[in-house]
Amino acid sequence: PIGHPDERALDVLSEILGTGKSSRIYRRVVADEQLAVEAGSWTYHLQQEGLFAMYATLPQDSEKYETTLAALSDQLEAIRTDGVSADELEKARNQLLRQVVTATLSVESKARLIGTAAVTAGDLSRVDRLLDAIRAVTAEDVQRVARQRLGKDRVFRFIIKQNPGGGQLDDEDAPITAEPETEPVPPGRPGVERPEDFPETAPFAEFKSEVFDLPFEQATLDNRLTVMTVSDAKAPFVSVMLGLPYGSWTEHKPGLAAMTTAMLPRGTERYSEAEVAAALEHYAISLNTDADKDTATVSIGTLSEHLDRAVDLMAEVVLRPTFPEGEFARLMRQEMTGLQIRQRDPSYQAETAFYEAVFGAHPYGRPVKGTPAQLAALEPDDLQLWWRKFARPDQATLIFAGDITPARAEALAVRYFGDWDIDLVEVGLVLPDIPEPEPRRIVLVDNPGSAQARIRVGHLGITRHQQPDYFHALIAANYFGGSFNSRLNETIRVQHGLTYSIFGRFNPLRMAGTFEISTFTRNDAVVEMLEQIDRQIDRFRTVPLSATELDETRRSLLGSFARLRETPQQIARDLWLLRSQRLGEDYFSKLFAAIETATPDDCIELTQRIIKPDNLTIVVVGDADVLKEPLEALAPVEVIRQESNPR
């Protein structure tokens with residue numbers, strides 16, 4: 001249980017066994033024998049007891065359950081018999097020390113640390129001893145807890161085979177059987193009397209908005225690489241992000257940007273994939289690579305004492321990746337497995353069909369990671385060419401955030417990225433036009449046998465560049481479908497009991513955006529759900545927000561600004577948003593001013609101009625044999641059968 005003297009030794013054991021790509025389990029089960037596409041271990045300390053687990057996810061075409069379980073057990077048994085090395089112990093300590101340090105970056109995470117110590121462990125002083133407790137763990141402690149606490153007589157084994165139903169997640173697993181929540185809930189708990197001096201309403205402080213500047217310093221290297229620094233020494237931690245304004249919209253083959261960025265750490269001129277993983281994890285350096293529809297990023301996070309080493313490794317994967325064929329094949333297998341799982345998720349199917357219907361042949365209309373068929377068309381040379389075209393210093397931004405001065409940030413950038421040359425490879429981008437909105441229609445994605453339907457409704461929206469429209473859209477989306485008290489949730493969930501959750505939003509991308517509503521319901525309520533959504537859209541366009549809605553929305557948007565920009569890492573995220581979207585440094589000042597001065601008429605004028613009920617694309621993922629006929633009464637229906645679905 002939490003607070004037990006062996007708690008930290010078990011955490012160290014889990015780090016060595018199965019945390020990260022250099023761990024014993026990952027190297028044996030994923031990298032070397034390729035029994036699984038994912039594997040690891042974890043600890044979970046509760047107030048009265050605790051859990052220790054090892055796990056592996058097999059490829060879709062594998063049934064080697066017993067072989068994989070035996071491989072997991074072998075790794076634990078090796079530690080029980082032979083112990084762990086000094087190098088493994090140091091790596092595990094670094095990882096756990098980093099976890100404690102990063103837990104002090106925000107007020108919320110600090111509160112969680114203190115609350116856990118005071119309430120769950122019953123010892124508030126525990127917070128001050130966390131770092132020392134980690135450093136005190138020895139190799140002998142790790143072997144001892146493996147022997148004493150993880151014997152074969154205490155093991156539970158679980159095999160979860162392929163799920164043919166494939167994929168409803170979270171609250172979507174439960175059928176919608178709720179009654180409308182129209183009766184008020186009595187205040188308080190039974191048997192508890194309200195104190196006489198207890199206020200009837202929550203005593204909110206007087207709201208005062210304040211524009212928060214984004215504090216940073218900027219420099220430009222000789223190769224035109226932009227370097228930005230957000231300094232804050234309150235914790236010995238630094239994040240570094242390299243951003244490129246090129247995402248999946250630049251691909252000549254779908255899935256190329258995401259696959260390329262995923263391959264960057266899997267082999268360089270100096271290091272193999274295993275060596276990169278080992279170096280990163282030994283010094284508790286996180287390295288993340290990503291591509292979305294608009295941009296690509298490479299980012300690291302590290303304790304301050306390892307910053308030079310971290311930036312060196314970052315530069316290595318950015319400037320000298322080799323895209324080795326063996327690692328490409330291994331990553332391809334992992335990505336294929338992940339896509340095959342996601343494609344059975346009704347939420348993923350609805351999102352994919354919606355964006356394809358709205359954006360057509362434009363790259364925004366396809367999933368960033370592609371489909372299994374599209375990935376199969378990629379070759380390592382495709383990845384190398386894409387990176388040569390779009391990874392260039394004159395278009396990149398390198399952002400340092402945390403325990404670092406601008407002078408040191410610029411010096412590190414010069415040392416590790418100063419020789420990054422501009423490779424003038426012909427880009428040759430020709431993008432299809434984003435299609436004009438079509439008349440109202442329904443796309444019905446067949447999910448045979450499903451008792452429920454996933455629903456996505458919407459059309460083209462706006463971008464952040466459309467100002468002040470976008471600022472007014474933020475207000476409108478909040479009271480329409482952005483919170484539990486929103487109009488959509490209050491009407492469709494609370495009053496009519498048609499769903500457990502429903503959201504409405506404007507989603508801005510760089511070249512275009514969407515207006516969209518997302519929810520789910522049982523099959524016999526799909527038509528009623530869509531009729532209710534129509535009523536709420538009409539109300540959205542005609543009924544101004546009340547004084548209460550406006551006040552609550554302003555408090556939510558402006559009051560959350562400081563909390564969402566508390567850490568230097570969050571500020572760095574916003575700086576990249578401004579740079580990648582080309583919004584200008586005064587964007588947040590204009591945002592604050594618009595939210596503070598917006599009127600109900602501004603929001604109504606926006607919604608009447610932007611929201612077009614006659615051009616709605618309605619995507620329903622459900623049993624087509626059950627739903628097609630009733631849906632045809634609402635709009636023309638196009639049925640997409642999974643077996644013939646080109647997606």
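For segment 258-273, which residues satisfy the criterion of being open to solvent by 40 Å² or more (accessible area, probe 1.4 Å) and closer than 13 Å to Ala31 by Cα? I'd like the intermediate steps shown before the answer.
Kept after step one, since they are open to solvent by 40 Å² or more (accessible area, probe 1.4 Å), are these residues of segment 258-273: 269-272.
Listed by number, the list holds a single entry, Ser272.
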Pairs where the first residue, in segment 10-24, is modelled with pLDDT of 95 or more and the second is assigned to a loop (DSSP other than H, G, I, E, B), C-beta under 7 Å, 6+ apart: Val12/Val137; Ile16/Ser23; Ile16/Val84; Leu17/Ser23
Test: residue in segment 455-469 that is surrounded by 16 or more Cβ atoms within 10 Å (Cβ to Cβ), within 22 Å of Gly365 (Cβ to Cβ) and hydroxyl-bearing (Ser, Thr, Tyr): yes
Pair list, Cβ < 6 Å and 6+ apart or interchain, from segment 623-641 residues that are over 15 Å from Leu530 (Cβ atoms) to residues that are open to solvent by less than 20 Å² (accessible area, probe 1.4 Å) and in a strand (DSSP E or B): Ala624/Leu444; Ala624/Asp446; Glu638/Val443; Val639/Leu444; Ile640/Val445; Arg641/Asp446
Residue list for segment 25-43, filter: outside any helix (DSSP H, G or I) and of a type in the set (D, E, K, R): Glu33, Glu38
Considering residues of segment 375-400 that are surrounded by fewer than 21 Cβ atoms within 10 Å (Cβ to Cβ) and among the charged types (D, E, K, R) only, the residue nearest to Glu335 (Cα to Cα): Glu379
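Scan the helices (runs of 4 or more DSSP H) fully inside segment 535-647 and keep the ones with 1 or more residues being within 29 Å of the chain's Cα centre (by Cα) and either surrounded by 13 or more Cβ atoms within 10 Å (Cβ to Cβ) or among the polar types (S, T, N, Q) (or both). Talk me through it step by step, then tell me what you get.
Working: elements: 547-559, 568-581, 587-597, 600-610, 624-632.
Of the helices (runs of 4 or more DSSP H) lying wholly inside segment 535-647, those with at least 1 residues that are within 29 Å of the chain's Cα centre (by Cα) and either surrounded by 13 or more Cβ atoms within 10 Å (Cβ to Cβ) or among the polar types (S, T, N, Q) (or both) span 547-559, 568-581, 587-597, 600-610.
Which of the residues that make up segment 25-40 are in contact with an Asp or Glu (Cβ under 8 Å, 6 or more places away or on another chain) and open to solvent by 40 Å² or more (accessible area, probe 1.4 Å)? Give the derivation first.
The first filter runs over segment 25-40 and keeps only residues in contact with an Asp or Glu (Cβ under 8 Å, 6 or more places away or on another chain), leaving 28, 30-31.
Arg28, the sole residue that qualifies.
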Index of the failed condition, Asp61 passing every other in (1) among the charged types (D, E, K, R); (2) under 18 Å from Gly301 (Cβ atoms); (3) not in a helix (DSSP H, G or I): (2)
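So, in segment 377-424, exactly how many residues are of a type in the set (Gly, Ala, Ser), assigned to a helix (DSSP H, G or I) and under 25 Å from the mean Cα position of the chain (by Cα)? If you could, list the steps in order and put the result at the bottom.
Of segment 377-424, the ones of a type in the set (Gly, Ala, Ser) are 377, 391, 396, 401-402, 407, 409, 411, 413, 418.
With the extra rule that they be assigned to a helix (DSSP H, G or I), the set shrinks to 407, 409, 411, 413.
Cutting the leftovers down to under 25 Å from the mean Cα position of the chain (by Cα) gives us none.
Residues meeting the conditions: 0.
Rundown of residues vs (1) modelled with pLDDT of 95 or more; (2) out of contact with any Lys or Arg (no Cβ under 6 Å at 6 or more places or on another chain); (3) among the aliphatic types (A, V, I, L, M); (4) under 30 Å from Arg344 (Cα atoms), yes/no style:
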{"residue": "Gly83", "(1), (2), (3), (4)": "yes, yes, no, no"}
{"residue": "Lys91", "(1), (2), (3), (4)": "no, yes, no, no"}
{"residue": "Val100", "(1), (2), (3), (4)": "no, yes, yes, no"}
{"residue": "Ala103", "(1), (2), (3), (4)": "no, yes, yes, no"}
{"residue": "Ala139", "(1), (2), (3), (4)": "yes, yes, yes, no"}
{"residue": "Ala146", "(1), (2), (3), (4)": "yes, no, yes, no"}
{"residue": "Ile160", "(1), (2), (3), (4)": "no, yes, yes, yes"}
{"residue": "Glu172", "(1), (2), (3), (4)": "no, yes, no, yes"}
Unique residue being more than 29 Å from the chain's Cα centre (by Cα) and modelled with pLDDT of 80 or more when the list is Arg189, Arg129: Arg129
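Please verify whether Thr104 is open to solvent by 40 Å² or more (accessible area, probe 1.4 Å) and within 32 Å of the chain's Cα centre (by Cα), treating the condition exactly as stated. Spell out how you get there, then give the answer.
Working: open to solvent by 40 Å² or more (accessible area, probe 1.4 Å): yes; within 32 Å of the chain's Cα centre (by Cα): yes.
Criteria met by Thr104.
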Output for segment 604-647, where each listed residue is more than 22 Å from Tyr348 (Cβ to Cβ) and touching a Ser or Thr at 6+ places or on another chain (Cβ under 9 Å): Ile604, Thr607, Gln608
Set Asp294, Asp345, Asp290: member being in contact (Cβ under 8 Å) with a residue 40 or more places away in the chain, within 29 Å of Gly461 (Cα to Cα) and either open to solvent by 30 Å² or more (accessible area, probe 1.4 Å) or in contact with a helix residue (DSSP H, G or I) (Cβ under 7 Å, 6 or more places away or on another chain) (or both): Asp294
Ala315 being in contact (Cβ under 8 Å) with a residue 24 or more places away in the chain, more than 16 Å from Lys21 (Cβ to Cβ), outside any strand (DSSP E or B) and open to solvent by 10 Å² or more (accessible area, probe 1.4 Å): no
Within segment 113-141, tally of residues that are within 17 Å of Pro1 (Cα to Cα) and touching a Leu at 6+ places or on another chain (Cβ under 6 Å): 4
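This table checks each residue for (1) in contact with a Lys or Arg (Cβ under 8 Å, 6 or more places away or on another chain); (2) more than 27 Å from Ile462 (Cβ to Cβ).
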| position | (1), (2) |
| --- | --- |
| Thr397 | yes, no |
| Arg408 | no, yes |
| Leu412 | no, yes |
| Leu424 | no, yes |
| Pro435 | no, no |
Index of the failed condition, Glu351 passing every other in (1) at pLDDT 95 or above; (2) open to solvent by less than 30 Å² (accessible area, probe 1.4 Å); (3) farther than 23 Å from Val30 by Cα: (2)
Which listed residue, of Asn485, Asn507, Asn478, Asn489, is open to solvent by 20 Å² or more (accessible area, probe 1.4 Å) and assigned to a helix (DSSP H, G or I): Asn478
Subset of segment 1-22 (residues that are over 24 Å from the mean Cα position of the chain (by Cα) and either outside any helix (DSSP H, G or I) or exposed (fewer than 15 other Cβ atoms within 10 Å of the Cβ) (or both)): Pro1, Ile2, Gly3, His4, Pro5, Asp6
Pair list, Cβ under 9 Å, 6 or more apart: segment 228-242 residue closer than 12 Å to Thr104 by Cα, other residue among the charged types (D, E, K, R) and surrounded by fewer than 18 Cβ atoms within 10 Å (Cβ to Cβ): Pro236/Glu305
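Can you find, within segment 108-151, the residue that is most open to solvent (accessible area, probe 1.4 Å) among those that are of a type in the set (S, T, N, Q) and farther than 24 Å from Glu566 by Cα? Break it down stepwise before answering.
If we filter segment 108-151 for residues that are of a type in the set (S, T, N, Q), which is where we start, we get 109, 116, 120, 125, 138, 143, 148.
Narrowing the set further to residues that are farther than 24 Å from Glu566 by Cα leaves 120, 125, 138, 143, 148.
Values: Thr120: 50, Ser125: 52, Thr138: 49, Gln143: 39, Gln148: 109 Å².
Per the criteria, the residue is Gln148.
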Exclusive hit being β-branched (Val, Ile, Thr), at pLDDT 95 or above, open to solvent by 30 Å² or more (accessible area, probe 1.4 Å) and over 17 Å from Ala278 (Cβ atoms), set Thr43, Thr68: Thr43
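Within the bounds of segment 609-618, is there any residue that is basic (Lys, Arg), farther than 30 Å from Glu438 by Cβ and out of contact with any strand residue (DSSP E or B) (no Cβ under 6 Å at 6 or more places or on another chain)? Spell out how you get there, then give the answer.
Step one: list which residues in segment 609-618 are basic (Lys, Arg), which gives 609, 612.
Imposing the further condition that a residue be farther than 30 Å from Glu438 by Cβ reduces the set to none.
Within segment 609-618, none of the residues are basic (Lys, Arg), farther than 30 Å from Glu438 by Cβ and out of contact with any strand residue (DSSP E or B) (no Cβ under 6 Å at 6 or more places or on another chain).
The values are calculated or read from the model by the stated rules, or taken from the named source; none is laboratory data. Everything numeric in this text was worked out from a predicted model, so none of it was measured. Positions of Cβ are backbone-derived with ideal geometry, glycine not excepted, and every protein chain shown enters the neighbour counts. Side chains are part of the model used for accessible areas, which takes the heavy atoms of the whole protein and leaves out ligands, DNA and RNA. Shrake-Rupley method; radii C 1.70, N 1.55, O 1.52, S 1.80 Å.
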